[in-house]
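The values are calculated or read from the model by the stated rules, or taken from the named source; none is laboratory data. Source: prediction; values computed, not measured. Quick reminder, even Gly has a Cβ in these numbers, built from the backbone with ideal geometry, and neighbours come from all protein chains shown.
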Amino acid sequence: MNLETCIKKLGYVGILTFANVDEYGLPQVRSISAIHYEPDAIYFFTARGKDFARQLLNDGHVQIHALTRYKEMIRLTAIARPAPLQEQEHWKDVIFSEQPYLKNVYPRDTREIGIIFVIREAQVEYFNLSEHPIERYYYATEGLDAIRKGYVIGDECIACGTCAAHCPQGCIDEGEIYHIQPEHCLHCGNCFEHCPVQAIERIG
């Protein structure tokens, strides 16, 4: 698995869930399919009159979620910004040609109410529930460092093995200081809750 493959899988899924926060701090979720993928960017179309567009213009933070038929979860965290004004019509042409249904939704010149947003920098998490142990990887687009989450075991570890005994994925290795395999960690926190000396720390 790599970043390029994750982005390709988003395209195969087609309809993606976009989550953001409104002006009242409340979560909002939309299903978006009017999307075009470039090697270095993701473009998507929505109407300027929609709450979604207004919220993105106010605060572009967005999280995109996809679940494949193989129980792979891909989560992309980014900031969406309006595409440059001089590029708006070009990307509308591209998206409308790739998504013919849009001509029924916005016939004739009504597509002019639309606005194209672009995502260029993103954190990406891949999570595969169909494997045992599960697989989890973190990526980031160029210019960003991948942000990892989960749990780590610190120097306070007494090597009692309690954490390993309670790990549902069996992804904790023995040692003078036990080690959690981050690529297989479920992030359930069972090791954290059972550690007798509080040697396990939540990160991310």
Would you say residue 80 is assigned by TED's automatic domain parsing to the domain that holds residue 17, touching a Gly at 6+ places or on another chain (Cβ under 8 Å) and small (Gly, Ala, Ser)?
yes
Take the stretch 69-117 and flag every residue that is aromatic (Phe, Trp, Tyr) and within 30 Å of residue 131 (Cβ to Cβ).
70
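For the stretch 80-95, give me the residue count where each residue is part of a helix (DSSP H, G or I) and out of contact with any strand residue (DSSP E or B) (no Cβ under 8 Å at 6 or more places or on another chain). Write out each step before concluding.
The initial filter retains those residues of the stretch 80-95 that are part of a helix (DSSP H, G or I), namely 85-95.
The next check asks that each one be out of contact with any strand residue (DSSP E or B) (no Cβ under 8 Å at 6 or more places or on another chain); those that pass are 85-86, 89-90, 93.
So the answer is 5.
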Picked from the stretch 2-41 (must be assigned to a loop (DSSP other than H, G, I, E, B), in contact (Cβ under 8 Å) with a residue 60 or more places away in the chain and more than 15 Å from the chain's Cα centre (by Cα)), the residue farthest from residue 100 (Cα to Cα) is 40
Taking the stretch 60-79 only, how many residues are at pLDDT below 95 and either in a strand (DSSP E or B) or charged (D, E, K, R) (or both)?
2
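Can you pull out the residues in the stretch 148-185 that are at pLDDT 95 or above and under 18 Å from residue 138 (Cα atoms)?
If the condition is that a residue be at pLDDT 95 or above and under 18 Å from residue 138 (Cα atoms), then 150, 151, 152, 171, 180, 181, 182, 183, 184, 185 are the ones that fit.
Yes or no, residue by residue, for (1) out of contact with any strand residue (DSSP E or B) (no Cβ under 8 Å at 6 or more places or on another chain); (2) among the aromatic types (Phe, Trp, Tyr):
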| position | (1), (2) |
| --- | --- |
| 100 | yes, no |
| 103 | yes, no |
| 118 | no, no |
| 143 | yes, no |
| 168 | yes, no |
| 178 | no, yes |
| 188 | yes, no |
| 194 | yes, no |
| 204 | no, no |
Please work out which residue is surrounded by the most Cβ atoms within 10 Å (Cβ to Cβ), limiting yourself to the stretch 130-162 and to residues that are within 30 Å of residue 196 (Cβ to Cβ) and of a type in the set (A, V, I, L, M, F, W, C).
153
If you take the residues in the stretch 172-184 that are surrounded by 17 or more Cβ atoms within 10 Å (Cβ to Cβ) and in contact with a Cys (Cβ under 6 Å, 6 or more places away or on another chain), which one is farthest from residue 130 (Cα to Cα)?
178
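Looking at 113, 119, 95, can you tell me which residue is in contact with a His (Cβ under 8 Å, 6 or more places away or on another chain) and on the phi < 0 side of the Ramachandran plot?
Answer to the selection: 95.
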Given (1) farther than 16 Å from residue 17 by Cα; (2) assigned to a strand (DSSP E or B), identify the lone condition not met by residue 130.
(2)
Could you please find all residues in the stretch 88-118 being without any contact (Cβ under 8 Å) to a residue 12 or more places away in the chain and under 24 Å from the mean Cα position of the chain (by Cα)?
none
